[in-house]
1. Between GLU216 and ARG65, with labels modelled 7 Å along Cα→Cβ, what's the label distance in nm to one decimal, could you check?
2. Expected output is a single nm value to one decimal: the length gained when fully extending between ALA228 and LEU10, i.e. 0.36 nm times separation in residues minus the C-alpha distance. What is it?
3. Return the FRET efficiency for the residue pair LEU29, THR85: r is the Cβ-Cβ distance, R0 is 35 Å, and the value is rounded to the nearest 0.05.
4. At 7 Å along the Cα-to-beta-carbon direction for both ARG195 and ARG19, put a label point, then send me their distance in nm to one decimal.
5. How long is the gain from THR53 to SER41 if the chain were fully straight, where each residue apart is worth 0.36 nm and the alpha carbon distance is subtracted?
Amino acid sequence: MVILLVLLVLVVFTSVLRRQVSRYVERPLVESVSVAEAIASGDSNRIVPRAETREFDQLATSINRMTEQMLAATQSRMRVEKLATMGRIAAGISHEIGNPVAAIANYAHVLRMRTADVPGTTEPIDALEREITRIDRIMRGLLDYARPRRLTPKPIAVDAVIVDVLRLLADQGLTRRFRITSELEAPGGVVYAERHDLEQVFVNLLLNAVDAMDREGEVVIRSRINEAGAFADSIEKRRTDPAPQRWAHRPSKRALAWLARPESPSRFLQIVMADSGTGVAPEDEERIFEPFFSTKQPGKGTGLGLAIVASTIENLGGTVWVQRAREGGAAFVILLPLHGSGMRSVVPESTASAG
């Protein structure tokens, strides 16, 4: 009787143990292997589900993070290749179209002088010259995007550049209807760059924010120096927020891929420019940095401003992405290696400046 009871206990124990092993070991292991094989076969959308044990849950998190970084790196490489190709095409188009546009502008000027006394000719000639000016602006943007030039970078304090850009746009009256708040907390945020390039980056972002807000709104510019080790899990809190309030900002896949590169710095400069405008739709968050892609109404943008921002930041060894802002609109986040961090920008011959 005792032997039968012992055997029964052993059978029950073995059955329970098999179920536990199957639940906590075999199943998550099989799922991890299956997802890893799918990723190796090119299915980068597969993710490992959360596990019930700490070890397998950490494994699932690591595999999913690796997949995100691989996908972001692939997208970044494809985008760089697309930008380089676009630059070569843009240079050719600008040259071929620029000459006839200049000729049309001259003929329009002659036409205005010869018909100065003819009623009803002023309005159509004004419209003609306005459209010629628009084409010229597009051509100049193309050349700025596609034209290589000799660079003479040097250490630049980014906070000082932002202050000068804010003053410049305020003097021109472009930001007078908007509330501009600057929280610049990186006086030591020095990067190796050309000042003109950085000025163009912040001018483009500020004008983009102004256009998104139309008549009134708020723009907040923040800068800080971050440690790479803590960035992925960081919780950003603005100094003007109420004490109990905390804001979680998970870095984008693009940022995680940038941080995962062997040459990424241990400390970097982070700049955030947020507005209270219409924001960017999730499906457009990557496309918005492509040349000629614009969410503005026809005739109000060339679609080159943010493409120039992205190419400039990447040429400086950094990365940029857009996310939803707590102000309600779009928040553009820039990460740049600090001067002396060991990470140098590389400007390809076919890559444009941010002129």
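1. 4.5
2. Values: separation 218, 0.36 × 218 = 78.48 nm, distance 5.24 nm.
Gain on extension, ALA228 to LEU10, equals 73.2 nm.
3. 0.20
4. 7.4
5. Numbers: separation 12, 0.36 × 12 = 4.32 nm, distance 2.73 nm.
Gain on extension, THR53 to SER41, equals 1.6 nm.
No lab work stands behind these numbers, since they all come straight from the coordinates. Here the structure is a predicted model, which is why all the values come from computation and not from measurement. Note: ideal-geometry Cβ built from the backbone for every residue, glycine included; neighbour counts use all protein chains shown.
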